[in-house]
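**Student:** Please find one structure pasted underneath; my questions will follow.
The values are calculated or read from the model by the stated rules, or taken from the named source; none is laboratory data. Remember, it's a predicted structure, so these values are computed and weren't measured experimentally. Virtual Cβ from ideal backbone geometry, glycine too; neighbours counted across all protein chains shown.
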Amino acid sequence: MKEFAYQRASGISEALRLAAGNDDVRYLGGGTNLVDLMKAGVESPTRLVDVRFLPLDGIRQVPGGGLEIGATTTNSDLAAHPEVRRRYPALSQAVLAGASGQLRNMATVAGNLLQRTRCSYFADPSQPCNKRAPGSGCSAIAGAHHNHAVLSWSPHCVATNPSDMAVALAAFDAVVRYETLDGAGDIPLEEFYLPVGDTPERETALPPGALITAVRLPESAISPLSRYRKVRERASYAFATVSIAADLDIRDGVVRSSRIALGGVASRPWRARTAESLLLDGPATADRFRTAAEAELAAAEPLPGNAYKVTLARNLIVAVLTDLAASPY
Amino acid sequence: MTNDTRSVISLRVNDATHRLCLDNRRTLLDALREDTGHTGPKKGCDHGQCGACTVLLDGRRVLSCLTLAVTAEGAEVTTVEGLAGDGELRPIQQAFVRLDGFQCGYCTSGQLCSAVGMLAEHAAGWPSAVTADLCPDGPAPALDAAEVRERMSGNLCRCGAYPSIVRAILEEAR
């Protein structure tokens, strides 16, 4: 690990000033990913600005009916919050499906959004990786990629976003709020993660030096029965191979609206807009769910080692929508 | 090394205060083991994957290997050495001994601190990934073997003492 300076920011504006104009400064939240990447030599900041003591924790109701989740709220507190469990159960389930009890006690909401891919080549500075060392090449495309992306990847990078939480946030149309020295801004979660293109090292639409202050959830969801399901290679404490956050509004057997987002399939949480529009105003049957899932995944371009994810994603969409359709309202 | 990369901190461990001048790179795990003499927390993977370094920070279980020591200033750290009071083991420790909740013992201090934190989380009504009904208005989830396994999944035991660990925790929870 390289030497670094450490400071606890006493206010948001101080944090922003400490980070301004210096690409080698990192904000420190729970540190569960950043500290590990620093140990590996993937990250080598010259200064850490600790933001966990800023008044950015807590979850509150906002006018209009939504919830605002402070940036430094821990994953544990988010998942256990009564209003989240009551109104956005898929979000609570997604957070509980990630990491371990210890890590959830440390990790923050903003840090969760900004965590880096778990691609093993990214984590190993002895290997080429365009995300870590732009221009050095992608080792995964011709290498170990069984857990990599099947949608919207590029010849420059095939890594996935590892967050469970972000998948549920994508389904719920969450908005990321941030501050800069030039003022505050909002980014819808669906636009928060940039397309891979030929710049996989540029991951988010945040302006340089921006500090995430909160994530806002719009007034609930379509039903109180949303759910998150995660398929992984062991029963607990593992990243998703494929996961799904979904919510359905069915009246008289007809789909009035739906929200579907997939994890583990792309460099960002994948909002399944094609499937959602195909389901709209149609009968809530397993056949229709399957047709919609297949249409969504028609754009998939699997590699030799991860084609299983396309079948898995299709089956997961059908299974979860079928379960939701059978749930009593 | 410049002064900028070191910090003078007061670290509270098991109700005692330690004044330390630390390289900012020092993890809480290394500070405990090397600087304050608390060798209970163990270095297993050093990457947040095994749970052997688990300690309580203001009562919540965390991984000391991924916690920078400098960030723990102002917090109360509890290691396995601080679990027992007045020379007598805590009931959870006694249950591990009685029911053989370990073999080699390397993961045990992390298992114990994690179990103490986990039982507090459960008592506070926190759900887990295997809790069937997340609705906060119903009864708190009962702590059964499946709940214990899920909630303790961040603590690996390479000897495979899991059945006895689960039994010991369930006995303590009763």
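Conditions tested, residue by residue: (1) touching a residue at least 40 places away in the same chain (Cβ under 8 Å); (2) buried (at least 24 other Cβ atoms within 10 Å of the Cβ); (3) over 27 Å from A:E296 (Cβ atoms); (4) over 18 Å from the mean Cα position of the chain (by Cα).
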{"site": "A:A94", "(1), (2), (3), (4)": "yes, yes, no, no"}
{"site": "A:Q102", "(1), (2), (3), (4)": "no, yes, yes, yes"}
{"site": "A:M106", "(1), (2), (3), (4)": "yes, yes, yes, no"}
{"site": "A:N112", "(1), (2), (3), (4)": "yes, yes, no, no"}
{"site": "A:A144", "(1), (2), (3), (4)": "yes, no, no, yes"}
{"site": "A:A149", "(1), (2), (3), (4)": "yes, yes, no, no"}
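**Student:** Any residue in region B:19-28 that is closer than 23 Å to B:A115 by Cα and in contact with a helix residue (DSSP H, G or I) (Cβ under 7 Å, 6 or more places away or on another chain)? Show your work before the answer.
**Tutor:** Quick first cut of region B:19-28, residues closer than 23 Å to B:A115 by Cα only: B:27-28.
In the following step, the residues that additionally are in contact with a helix residue (DSSP H, G or I) (Cβ under 7 Å, 6 or more places away or on another chain) were identified as B:27-28.
Within region B:19-28, one or more residues are closer than 23 Å to B:A115 by Cα and in contact with a helix residue (DSSP H, G or I) (Cβ under 7 Å, 6 or more places away or on another chain).
**Student:** Still on this structure, please answer the following. Read through the list (1) away from chain A (no Cβ under 11 Å); (2) in a helix (DSSP H, G or I); (3) surrounded by fewer than 17 Cβ atoms within 10 Å (Cβ to Cβ); (4) of a type in the set (A, V, I, L, M, F, W, C), then give the number of the only condition that B:L112 fails.
**Tutor:** Going through the list (1) away from chain A (no Cβ under 11 Å); (2) in a helix (DSSP H, G or I); (3) surrounded by fewer than 17 Cβ atoms within 10 Å (Cβ to Cβ); (4) of a type in the set (A, V, I, L, M, F, W, C), B:L112 breaks only (3).
**Student:** Inside region A:309-329, can you point out the residues that are in contact (Cβ under 8 Å) with a residue 40 or more places away in the chain and either assigned to a helix (DSSP H, G or I) or under 15 Å from A:A266 (Cα atoms) (or both)?
**Tutor:** Correct list: A:K309, A:V310, A:L312, A:A313, A:L316, A:I317, A:A319, A:V320, A:L321, A:D323, A:L324, A:A325.
**Student:** In addition: Just the residues that are crowded, with 20+ Cβ neighbours inside 10 Å and either under 15 Å from A:S258 (Cα atoms) or among the basic types (K, R) (or both), please, taken from region A:286-313.
**Tutor:** Answer for region A:286-313, where residues must be crowded, with 20+ Cβ neighbours inside 10 Å and either under 15 Å from A:S258 (Cα atoms) or among the basic types (K, R) (or both): A:F289, A:A292, A:A293, A:E296, A:K309.
**Student:** Right, next: Consider A:D24 carefully, then state whether it is free of Cβ contacts under 8 Å to residues at least 60 places away in the same chain, surrounded by fewer than 20 Cβ atoms within 10 Å (Cβ to Cβ) and touching a Gly at 6+ places or on another chain (Cβ under 7 Å). Steps first, answer last, please.
**Tutor:** Working: free of Cβ contacts under 8 Å to residues at least 60 places away in the same chain: yes; surrounded by fewer than 20 Cβ atoms within 10 Å (Cβ to Cβ): yes; touching a Gly at 6+ places or on another chain (Cβ under 7 Å): no.
Here the answer is no, as A:D24 does not meet what is asked.
**Student:** Now for a different question. What number of residues in region B:75-92 are in contact (Cβ under 8 Å) with a residue 12 or more places away in the chain and outside any helix (DSSP H, G or I)? Break it down into steps so the answer makes sense when it comes.
**Tutor:** Filtering region B:75-92 for residues in contact (Cβ under 8 Å) with a residue 12 or more places away in the chain gives B:75-83, B:90-92.
Those left that are additionally outside any helix (DSSP H, G or I): B:75-79, B:83, B:90.
Within region B:75-92, residues that are in contact (Cβ under 8 Å) with a residue 12 or more places away in the chain and outside any helix (DSSP H, G or I) number 7.
**Student:** Whether any residue in region A:128-138 is aliphatic (A, V, I, L, M) and more than 14 Å from every other protein chain (Cβ to nearest Cβ) is what I want to check.
**Tutor:** Within region A:128-138, the subset aliphatic (A, V, I, L, M) is A:133.
Adding the requirement that they be more than 14 Å from every other protein chain (Cβ to nearest Cβ) leaves A:133.
Yes.
**Student:** Right, another one. Kindly indicate whether any position in region A:136-154 is hydroxyl-bearing (S, T, Y), farther than 19 Å from A:V265 by Cβ and not assigned by TED's automatic domain parsing to the domain that holds A:G21. Before you say what the answer is, go through the steps one by one.
**Tutor:** Residues of region A:136-154 hydroxyl-bearing (S, T, Y): A:136, A:139, A:152, A:154.
Among the residues that remain, those that are also farther than 19 Å from A:V265 by Cβ are: A:136, A:139.
Okay, now just the ones that are also not assigned by TED's automatic domain parsing to the domain that holds A:G21, so A:136, A:139.
Yes, some residue in region A:136-154 is hydroxyl-bearing (S, T, Y), farther than 19 Å from A:V265 by Cβ and not assigned by TED's automatic domain parsing to the domain that holds A:G21.
**Student:** Just wondering, is there one or more residues in region A:282-294 that are touching a helix residue (DSSP H, G or I) at 6+ places or on another chain (Cβ under 8 Å), closer than 22 Å to A:T160 by Cα and at pLDDT 95 or above?
**Tutor:** yes
**Student:** Among B:G44, B:G37, which is in a loop (DSSP other than H, G, I, E, B), within 14 Å of chain A (Cβ to nearest Cβ), more than 29 Å from A:V25 (Cβ to Cβ) and over 13 Å from the mean Cα position of the chain (by Cα)?
**Tutor:** Values: B:G37 fails: within 14 Å of chain A (Cβ to nearest Cβ).
Criteria check complete, one pass: B:G44.
**Student:** When residues of region B:123-152 are filtered for being closer than 22 Å to A:L103 by Cβ and facing chain A (nearest Cβ under 10 Å), how many remain?
**Tutor:** Filtering region B:123-152 down to residues closer than 22 Å to A:L103 by Cβ leaves B:123-131, B:134, B:141, B:143, B:146-152.
Next cut, facing chain A (nearest Cβ under 10 Å) only: B:124-131, B:134, B:146, B:149-152.
The total comes to 14.
**Student:** Moving on. Counting only residues that are away from chain B (no Cβ under 12 Å), give me the strands (runs of 3 or more DSSP E) lying completely in region A:25-89 with at least 2 of them. Step through it out loud before you land on a result.
**Tutor:** Details: elements: A:25-28, A:47-50, A:59-61, A:67-70.
Answer list for region A:25-89: A:25-28, A:59-61, A:67-70.
**Student:** It is to be established whether one or more residues within region B:128-143 are part of a helix (DSSP H, G or I) and surrounded by 20 or more Cβ atoms within 10 Å (Cβ to Cβ). First the steps, then the outcome.
**Tutor:** Initially, region B:128-143 is screened for residues part of a helix (DSSP H, G or I), giving none.
No, the conditions are met nowhere in region B:128-143.
**Student:** Which one is farthest from the other protein chains (Cβ to nearest Cβ) among residues in region A:214-244 that are of a type in the set (G, A, S) and under 18 Å from A:A326 (Cβ atoms)? Working first, answer last.
**Tutor:** Step one: filter region A:214-244 for residues of a type in the set (G, A, S), giving A:214, A:220-221, A:223, A:226, A:235-236, A:238, A:240, A:243.
This time we only want the ones that are under 18 Å from A:A326 (Cβ atoms), so: A:223, A:226.
On the way: A:S223: 13, A:S226: 10 Å.
Checked region A:214-244; the qualifying residue farthest from the other protein chains (Cβ to nearest Cβ) is A:S223.
**Student:** Filter region B:51-74 down to the residues that are among the polar types (S, T, N, Q) and either in a loop (DSSP other than H, G, I, E, B) or more than 7 Å from every other protein chain (Cβ to nearest Cβ) (or both), then identify the one that is surrounded by the fewest Cβ atoms within 10 Å (Cβ to Cβ). Even if it seems obvious, please write down each step before you answer.
**Tutor:** Our first condition is that a residue be among the polar types (S, T, N, Q); within region B:51-74, this holds for B:54, B:64, B:67, B:71.
Now narrow it down to the ones that are either in a loop (DSSP other than H, G, I, E, B) or more than 7 Å from every other protein chain (Cβ to nearest Cβ) (or both): B:64, B:67.
Numbers: B:S64: 31, B:T67: 27.
Only one residue tops the list, namely B:T67.
**Student:** Also: Quick check on region B:1-25: of everything there that is crowded, with 20+ Cβ neighbours inside 10 Å and either within 20 Å of the chain's Cα centre (by Cα) or away from every other protein chain (no Cβ under 14 Å) (or both), which residue is nearest to A:S44 (Cα to Cα)?
**Tutor:** Applying the filter and picking the extreme gives B:L11.
**Student:** Before we move on, is A:P125 under 30 Å from A:T213 (Cβ atoms), assigned to a loop (DSSP other than H, G, I, E, B) and either in contact (Cβ under 8 Å) with a residue 60 or more places away in the chain or of a type in the set (D, E, K, R) (or both)? Reasoning before the result, please.
**Tutor:** On the way: under 30 Å from A:T213 (Cβ atoms): no; assigned to a loop (DSSP other than H, G, I, E, B): yes; either in contact (Cβ under 8 Å) with a residue 60 or more places away in the chain or of a type in the set (D, E, K, R) (or both): yes.
So A:P125 fails the test.
**Student:** May I pose another question? Pull up region B:147-164, narrow it to residues that are touching a Ser or Thr at 6+ places or on another chain (Cβ under 9 Å) and not in a loop (DSSP other than H, G, I, E, B), then point me to the one that is surrounded by the fewest Cβ atoms within 10 Å (Cβ to Cβ).
**Tutor:** Quick first cut of region B:147-164, residues touching a Ser or Thr at 6+ places or on another chain (Cβ under 9 Å) only: B:147, B:149-155, B:157, B:161.
Now narrow it down to the ones that are not in a loop (DSSP other than H, G, I, E, B): B:147, B:149-151.
Working: B:E147: 22, B:R149: 18, B:E150: 20, B:R151: 29.
Here the answer is B:R149.
**Student:** Could you say whether any residue in region A:156-164 is within 14 Å of chain B (Cβ to nearest Cβ), touching a helix residue (DSSP H, G or I) at 6+ places or on another chain (Cβ under 9 Å) and not hydroxyl-bearing (S, T, Y)? So that I can check it myself, show each step before the final result.
**Tutor:** We begin by selecting, within region A:156-164, every residue within 14 Å of chain B (Cβ to nearest Cβ); these are A:162, A:164.
Filter once more, keeping what is touching a helix residue (DSSP H, G or I) at 6+ places or on another chain (Cβ under 9 Å): A:164.
Filter once more, so that each one left must be not hydroxyl-bearing (S, T, Y): A:164.
Yes, region A:156-164 contains at least one residue that is within 14 Å of chain B (Cβ to nearest Cβ), touching a helix residue (DSSP H, G or I) at 6+ places or on another chain (Cβ under 9 Å) and not hydroxyl-bearing (S, T, Y).
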